[in-house]
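We did not get these values from a lab; they are worked out from the coordinates using the rules stated. Every value quoted in this text rests on a predicted model; they were computed, and no experiment measured them. Here the Cβ positions follow ideal geometry from the backbone for every residue, glycine too, while neighbour counts run over all protein chains shown.
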Amino acid sequence: MTVYADILFIVNLYIDALLLSAVRRFLHLQLSRFRWLTASLLGGLFGFTALLPQLHSFWLFLLGTAEAFLLICAAFAPKRTVLLLKATFLLLLFGAALSGLLGLMQSLLPMRGMVLRNGAVYFDLSPLLLVLLTCLAYGVLYLFDRLFRKREPDTLLAAVTLSLNGKQAALTAKVDTGLSLHEPFSGLPAALAEKSALGALLPEDFGKETCVLPLRFIPYSSVGGSGVLPAFRPDAAEINGKPAALWVAVTDRPLSAGSFSVLIGTAFTDQFKKENGV
């Protein structure tokens with residue numbers, strides 16, 4: 001069977017775009033269209049591995065892992081190494097599931113013109129038919145989204161940038177409608193951030209009596225108990241590129257499995273609903 005390079009490239013571009021979208025949704029990560037397209041184009045180039053001689057399973061595993069890690073870095077870096085590795089594992093898992101499904105279809109249905117080789121997929125389709133099927137699939141997904149989309153998304157994520165003493169930290173935040181922390185004297189809202197995610201922004205003795213950084217203690221109450229959290233006022237803060245006046249309460253406990261490291265409360269909920277079209 002003749003394999004056309006342009007169809008091979010486009011098919012693998014589509015498939016990697018879908019897999020990356022699945023990883024993004026599963027881990028609740030931010031992914032711009034430019035980064036999504038860049039990573040998908042890289043996946044299309046990786047599809048040319050189908051033109052190589054059939055690789056041994058061990059070398060195929062190493063090649064697939066390296067390609068998956070590069071795709072994840074192209075889409076989501078810079079992120080914490082643990083999160084990038086987790087996303088790589090999910091991409092490999094979703095890819096293996098898709099390959100298994102396609103292999104099952106190939107063995108049960110009279111499908112001709114499909115090749116699974118070295119982790120790449122090829123369909124013997126004309127460019128016009130591929131474009132028509134793409135438009136049809138997009139139309140079905142758009143209709144499904146319009147009919148069954150929830151009125152409010154489960155998770156609203158935002159990009160938060162904090163500056164302090166000439167240092168800067170870029171973090172991913174989740175809008176939590178159940179969070180209502182406020183600094184009691186100024187009345188300003190307070191975000192809740194993981195200490196480990198703030199990196200070199202804070203001194204090592206933050207929260208202790210020896211700390212020279214001005215801080216205040218913000219009371220909190222939750223299902224697990226109540227207490228106070230040390231908090232600092234950043235020199236500057238931005239949420240999705242817009243200046244914000246807030247304090248940052250710091251906790252030693254992780255807030256998620258790695259998809260976000262900051263919680264923003266009810267003071268910012270209306271703003272994010274407008275930005276996300278809710």
Checklist entry - Which residues does a label at Phe217 reach in the stretch 248-263, if reach means a backbone N under 14 Å from a point 7 Å past the Cα toward the Cβ? => result 250
Checklist entry - Within the stretch 51-67, whose backbone N sits under 16 Å from a point 7 Å along Cα→Cβ of Leu41? => result none
Item to check | Highest-first arrangement of 174-185, 40-51, 201-212, where packing means the average Cβ count within 10 Å | outcome: 40-51, 174-185, 201-212
Checklist outcome for this item: If amide H atoms are modeled at 1.01 Å from N in the peptide plane, then the residues at a separation of 5 or more from Leu156, or on another chain, having amide H under 5 Å from its own are Val175
Next on the checklist: How high is the relative contact order of the stretch 157-275? Use alpha-carbon pairs under 8 Å, at least six apart in sequence, and give a whole percent.
Outcome noted: 38 percent
Next on the checklist: So for the stretch 157-275, considering every pair of alpha-carbon atoms, how many percent are separated by more than 26 Å?
Outcome noted: 12 percent
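What does the highest-first list of 188-199, 55-66, 21-32 look like by mean Cβ count within 10 Å? Let's see the in-between values first.
Working: 188-199: 19.8, 55-66: 12.7, 21-32: 16.2.
Top of the packing list down: 188-199, 21-32, 55-66.
What FRET efficiency would be calculated for the residue pair Ser186, Lys208, taking the C-beta separation as r and a Förster radius of 25 Å, to the nearest 0.05?
For R0 = 25 Å, the calculated efficiency reads 0.65.
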Checklist entry - From the backbone phi of the stretch 242-250, what are the Karplus-calculated ³J(HN,Hα) couplings (6.51 cos²θ - 1.76 cosθ + 1.60, θ = phi - 60°) in whole Hz, Gly and Pro given as x? => result 10, x, 9, 9, 7, 9, 10, 7, 10
